[in-house]
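Reading through the structure tokens given below for one structure.
The values are calculated or read from the model by the stated rules, or taken from the named source; none is laboratory data. Note that the structure is predicted; figures quoted are calculated from it, not measured. Cβ coordinates were reconstructed from backbone atoms using ideal geometry, including for glycine residues, and neighbour counts include every protein chain displayed. Surface accessibility is based on the protein's heavy atoms, side chains included, excluding ligands, DNA and RNA. Shrake-Rupley method; radii C 1.70, N 1.55, O 1.52, S 1.80 Å.
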Amino acid sequence: MTRGRFRRSVALATAAAALCAASACGAAATDDTLVLEFPSWQAADESFSPWWRELIAAYEAEHRGVDIDFYQVPFDSFVAQQTTRFAAGDPPDVVHLPASNAVQFAARGWLAPLDEQLATTDVAQTWSPLQEQMRWDGRTYGLLLLGYGYALFYNEQLLADAGVGVPTDPQQMLAAARAVSALSDDVFGFGATTVQNPDNYTEMTAFVVGNGGAWSQPDGRISTDDPAVLEGMRQYRDLVATAPPGIQSQQRNELFFNGQIAMVIDGPFLLSEVQGAPEEVRQHLEVAAPPFPVVPGGVSNSLHVPADADPETAAAVWDLIEMASRPEWQRRYTELTAVPAPRKGSVTAEALAATPELELFGQLADQAVDIFPRSPELRRNHGRVSDAVASAAIRLIASGTPVDEAAATLRTDLEGAGDDS
């Protein structure tokens, strides 16, 4: 397996040979550089890759004997690919994960606990409360790089054309969506993913959490029959009825940027894509707090050390994580990505001047209630949970299944998702 691939000098040939025997790096050990493999779905992302590349360049300048091989893996296959690699005993050196999958990896013994290292930092005192999602069985397994509250992105011109204002509660949002959809056949009141996709989980769960509900509870109880859950599912079904049929999230975004969708609910990272909209549409695109009693939120991505990394590799990867947590790099994250970094105080006056929406995004992040499962059994099986909720969402969208019936089926599916037998 590839593990912290070394290219060693002749003076270290004996040590390198021993290391390569364990890591299959073989004849590649020819000079004194440690190469850290770092796959990511953000390596080619226009919003996030500039920060990563600045961070990596600074890290390599501080660590003259270390190179980071940072490369792109498509997001749609990322978790499946990493799961296969870990199961085969061949994880990457720098582990970058969608944060909602971190517990799933930690519970399988694939990630190293970082409590001792984090105790030497001020992360516990300065980080978003959503850092708690990096904990499993009493230990912390990673550093959260982005936690956020969902926002309402809207086209003020379409709302004005329909004679409605910016909604502040779910009932107003549904009325506004229906009014916009009545304008013509090629405009839609709301945008959502209307084919089966992992995004169905985030979209429907935002409605459930926004109404104060949750699919499960910390004691393991599946709570799909709670009134708040059923109300969230009803609101989701009714709003999605005003959305374009048969589209993925990227198609949803394109229609929103083309001025054909009036409202979408998404994380603050959508703002960076707004800049690509035609000027005649972009001038009408605005953002507001989501029209729910509770701000639903999410965890985006996180950094980890693989559990069986050799000491030198583990130390080098931790140094990268520690650097990412420093105030100057958290401020830079906010400046470059236009989303608030998890460290308190990362939204500077300069960043606010460039992106005024950061003030709202910061407030939403502080209030956010995570859409991640509460039950420990479901947390460690998040992939199954996501599939089960996505199936329930499609039943509501495509088949006209009554909400109570869809919720009952989902209960059975979630009970099975949490069963490791």
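Residues in segment 294-328 that are hydroxyl-bearing (Ser, Thr, Tyr) and either in contact with a Ser or Thr (Cβ under 7 Å, 6 or more places away or on another chain) or not in a helix (DSSP H, G or I) (or both): Ser300, Ser302, Ser325. Quick check on Ala243: is it surrounded by 17 or more Cβ atoms within 10 Å (Cβ to Cβ), closer than 19 Å to Tyr201 by Cβ and at pLDDT 95 or above? When the stated conditions are applied, Ala243 passes them. Does Tyr201 count as assigned to a strand (DSSP E or B), among the aromatic types (Phe, Trp, Tyr) and under 21 Å from Gly298 (Cα atoms)? When the stated conditions are applied, Tyr201 does not pass them.
I want to confirm something. Restricting to segment 128-154 and keeping residues that are touching a strand residue (DSSP E or B) at 6+ places or on another chain (Cβ under 7 Å) and open to solvent by 10 Å² or more (accessible area, probe 1.4 Å), which single residue is farthest from Ala324 (Cα to Cα)? Residue satisfying both the conditions and the ranking: Tyr154. Can you name every residue in segment 218-230 that is open to solvent by less than 70 Å² (accessible area, probe 1.4 Å), modelled with pLDDT of 95 or more and either not in a helix (DSSP H, G or I) or not β-branched (Val, Ile, Thr) (or both)? Once the filter is applied, which keeps residues that are open to solvent by less than 70 Å² (accessible area, probe 1.4 Å), modelled with pLDDT of 95 or more and either not in a helix (DSSP H, G or I) or not β-branched (Val, Ile, Thr) (or both), segment 218-230 yields Ile222, Ser223, Thr224, Asp226, Ala228, Leu230. For segment 265-279, filtering for residues that are open to solvent by 50 Å² or more (accessible area, probe 1.4 Å), within 15 Å of Thr337 (Cα to Cα) and assigned to a helix (DSSP H, G or I) leaves 1. The set of residues in segment 304-340 being over 17 Å from Thr121 (Cβ atoms) and β-branched (Val, Ile, Thr) consists of Thr313, Thr334, Thr337, Val339. Confirm whether Pro198 is under 24 Å from Phe75 (Cα atoms) and open to solvent by 10 Å² or more (accessible area, probe 1.4 Å). So Pro198 passes the test.
Within segment 8-36, restricting attention to residues that are among the aliphatic types (A, V, I, L, M) and open to solvent by less than 20 Å² (accessible area, probe 1.4 Å), the residue that is modelled with the lowest pLDDT is Ala16. Taking the criterion of being open to solvent by less than 50 Å² (accessible area, probe 1.4 Å), among the aromatic types (Phe, Trp, Tyr) and in contact (Cβ under 8 Å) with a residue 24 or more places away in the chain, the residues of segment 37-76 that qualify are Phe38, Trp41, Phe48, Trp51, Tyr59, Phe70.
Do you know which residues across segment 90-111 are open to solvent by 20 Å² or more (accessible area, probe 1.4 Å) and either in a strand (DSSP E or B) or closer than 15 Å to Val317 by Cβ (or both)?
Hit for segment 90-111 is Trp110, nothing else.
Tally up the residues in segment 285-329 that are more than 21 Å from Tyr148 (Cα to Cα) and open to solvent by less than 40 Å² (accessible area, probe 1.4 Å), please. The total comes to 11.
Selection of first residues in segment 287-316 that are among the charged types (D, E, K, R) and of second residues that are in a helix (DSSP H, G or I), restricted to Cβ pairs under 7 Å at least 6 apart or on distinct chains, gives the following pairs, ordered by first then second residue: Asp310/Leu19. Mind checking which residues of segment 155-167 are of a type outside the set (A, V, I, L, M, F, W, C) and open to solvent by 30 Å² or more (accessible area, probe 1.4 Å)? Scanning segment 155-167 gives Glu156, Gln157, Asp161, Gly163, Gly165.
Could you please let me know if Phe78 is of a type outside the set (Ser, Thr, Tyr) and closer than 22 Å to Thr334 by Cα?
Working: of a type outside the set (Ser, Thr, Tyr): yes; closer than 22 Å to Thr334 by Cα: no.
For Phe78, the condition - of a type outside the set (Ser, Thr, Tyr) and closer than 22 Å to Thr334 by Cα - is not met.
Residues are listed down the side, and each one gets a yes or a no for (1) touching a residue at least 60 places away in the same chain (Cβ under 8 Å); (2) open to solvent by 60 Å² or more (accessible area, probe 1.4 Å):
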{"site": "Ala388", "(1), (2)": "no, no"}
{"site": "Ala393", "(1), (2)": "yes, no"}
{"site": "Ser399", "(1), (2)": "no, yes"}
{"site": "Asp419", "(1), (2)": "no, yes"}
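All conditions in (1) crowded, with 20+ Cβ neighbours inside 10 Å; (2) in contact with a Leu (Cβ under 9 Å, 6 or more places away or on another chain); (3) within 22 Å of Ala124 (Cα to Cα) hold for Arg343, with the sole exception of (2). Every condition in (1) in a helix (DSSP H, G or I); (2) more than 30 Å from Gln196 (Cα to Cα); (3) open to solvent by less than 50 Å² (accessible area, probe 1.4 Å); (4) at pLDDT 95 or above is met by Leu255 except one, and the failing one is (2).
Table: residues versus (1) at pLDDT 95 or above; (2) assigned by the TED database to the domain that holds Ile68.
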residue	(1), (2)
Ala289	yes, no
Leu303	yes, yes
Pro306	yes, yes
Ala314	yes, yes
Val317	yes, yes
Leu320	yes, yes
Tyr333	yes, no
Pro340	no, no
Lys344	no, no
